Each structure stands twice: as C-alpha cells, then as structure tokens.
Amino acid sequence: MTKRKSAVAGMFYPESCAEIQRYIEHFNQAALKPTFDVSPKALVVPHAGYIYSGYTANLAYRYAALKCPDIKRVVVIGPSHRVYIAGASVALYEAYHTPCGELEIDLTYTHTLQKEFAFLDFHPNAHEEHSTEVQMPFIRHYFKHAKVVEIVYGDLAHTELSRLIDTVLREEQTLLVISTDLSHFYTQERANALDQTCIDAISQLSLQKLSHGCEACGLTGVKALVQSAPNFGLKPYFLDYRTSYDRTKDASRVVGYASFVLG
C-alpha cells in the first residue's frame with residue numbers, strides 16, 4: 001500500500017498520538033460555545049504549529065463534528081510553500097499516515113476530479129506540505145472513518161480552483177477544508193489591521209475586499225471558496241482570530257490566524 005507519509009510531525013504538531021490528544025483535550029476545555037447554529041459544508045482554518053494556531057483550527061473541526069458527525073469524505077485544499085506547482089497536485093496515495101492512525105485516501109473520487117480538471121496533476125514532492133498535513137490529525141480525531149482528498153495548489157487562478165470547489169460542494173456528506181494563515185511578520189498592530197480586512201472580506205463574501213488589503217498565504221483558496229459559496233447559499237460564520245503574539249508575547253513580528261465555518 002502506498003502511503004502519504006508524515007513530513008512535519010514533530011515540527012508543526014507532535015509525533016506522539018497521546019500528545020496530540022492532550023492538545024485537543026486542552027483546546028476543547030478552553031473552547032467557547034459558538035452562538036450560531038448551522039450545518040457546516042466548508043471550513044477555513046489556519047496551518048501553523050499547533051502551539052500557535054491549533055486552538056483556532058480545532059474550533060472549526062470540533063463544531064463540524066458536533067453538527068455533522070456523519071461526514072464520509074474530507075477534501076483538504078492548501079497552498080504549496082515548498083515547491084513550485086503549475087496548477088495543483090492531488091495525492092494519489094492509498095492512505096495518509098498520522099500519528100493516531102491512517103486515513104484512507106478516496107482514490108475513486110480523486111481520479112474523478114482529475115478527469116474533470118486538467119490542472120490537477122500528481123507531484124509527490126508537493127505533498128511534503130504542512131498546510132494540508134497539519135489538518136489530518138484533526139480529521140483523524142473528529143472524523144476517524146472519513147476518507148480524505150489532499151490537494152496542494154501553486155500557480156492557479158482562483159476562478160479555476162472555484163470550479164473544482166463547486167464540484168466538491170455538490171457532494172453529500174463531504175466537508176471542504178480551505179487552509180490558510182493570514183498576514184506574516186508585521187507588528188501586532190499592523191497585523192491586526194491587515195487581518196481584519198481579511199476577516200471582513202470573508203464575512204461579507206467579498207472578492208473585491210479580498211483583493212484589496214488582505215494578505216494570506218492561502219488567498220487563492222479563500223478567494224475560490226468566496227466565489228463558490230453564494231452558488232450554494234453558504235454563509236460564513238466567524239469563529240476565532242489570534243496571532244502568534246498570544247504564544248510568544250513578541251509583538252514585533254507576528255503571524256495571524258483565523259477560522260470560519262460556512263454552511
């Protein structure tokens with residue numbers, strides 16, 4: 001069996017399953033109950049180390065699991081940080097390794113997507129990618145029996161990615177995950193201002209605002225989701241925002257993180 005091996009375990013998240021479980025238990029003890037009630041179809045989550053953004057990401061997965069425990073497939077889409085990709089790469093392995101056990105990759109659905117979208121190829125090096133991998137332990141915890149699809153994009157227009165997202169959103173019992181961090185390496189004050197632009201743009205499903213002042217490494221994925229969401233009557237619900245300052249207490253150079261549920 002071919003496996004998508006962990007590339008960033010021990011760096012972005014623990015190598016030990018027991019330690020991952022401790023993180024998630026700690027996040028859940030501190031979790032505030034959302035004030036909205038919606039059946040999630042898509043999530044926007046960050047992808048930094050768990051000590052920085054794990055709480056923010058966990059809120060989205062926890063909510064999705066509470067509202068839609070019968071999810072059968074999770075499609076994770078994130079930007080490539082390591083290698084250049086023309087278009088996007090979809091993982092053609094049979095299983096995805098996590099410290100808490102393997103997730104089955106939905107190869108049947110993956111091949112269906114490949115046939116429909118010419119920009120989907122398979123570049124093994126692209127899948128040593130943390131933006132998608134850090135999501136998998138959360139998926140393994142909350143949707144243990146779900147199959148996964150991992151898509152890492154590079155040089156790709158958001159309009160093209162939006163067509164794929166439209167296809168995914170039509171699927172029943174399927175959860176879409178869009179991975180992105182927000183601004184990088186500004187002061188806390190400047191980051192808060194830039195990130196608020198992104199949060200407002202997502203909250204209003206405004207492509208125009210996303211294109212004017214929002215800085216995010218996964219901006220293409222966010223734009224694609226914002227373009228697709230109205231086609232399915234999806235509304236965004238903000239969950240959490242913070243920066244690395246909350247962990248480091250260094251306000252001179254921070255990274256921003258936010259999470260949303262769309263349903």
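Every number here is computed from the coordinates shown, using simple stated rules; none is lab data. Predicted model only: the values in this text are computed from it and were never measured. FYI the Cβ positions are ideal-geometry reconstructions off the backbone, even for glycines, and counts take in every protein chain you see.
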If every alpha-carbon in the stretch 90-177 counts as one equal scatterer, what log10 I(q)/I(0) does Debye give at q = 0.11, 0.17 1/Å?
-0.29, -0.73
Using amide H atoms built 1.01 Å from N in the peptide plane, name the residues 5+ places from Ile105, or on other chains, whose amide H lies under 5 Å from its own.
Ala95, Tyr96, Val148
Taking Lys and Arg as +1 and Asp and Glu as -1, residues besides Arg82 with C-beta under 13 Å from its C-beta add up to -3
Cα pair distances exceeding 12 angstrom across the stretch 131-184, given as percent
73 percent
Please report Phe185, Phe122, Phe260, Phe138 as a ranked list, fewest other C-beta atoms within 10 angstrom at the top and most at the bottom.
Phe185, Phe122, Phe260, Phe138
Once the dipole of the chain is set up from charges on Cβ (+1 Lys and Arg, -1 Asp and Glu), the residue from the list Val38, Ile139, Met11 lying farthest towards its positive end is Val38
For the chain, what is the calculated [θ] at 222 nm in deg cm²/dmol (nearest 500), taking -39500 (n - 2.57) for each run of four or more DSSP H residues and dividing by its residue count?
-10500 deg cm²/dmol
How big is the shadow of the Cα convex hull of the stretch 1-86, averaged over all directions, in nm²?
7.8 nm²
Which value results when the Cα radius of gyration for the stretch 141-263 is divided by 2.2 N^0.38 Å?
1.11
Among Lys3/Lys72; Lys5/Lys235; Lys41/Lys147; Lys3/Lys67, the pairs whose Cα-Cα distance exceeds 24 Å are Lys5/Lys235; Lys3/Lys67
On the principal axes of its Cα set, how long, how wide and how thick is the chain? Give whole Å, largest value first.
47, 43, 38
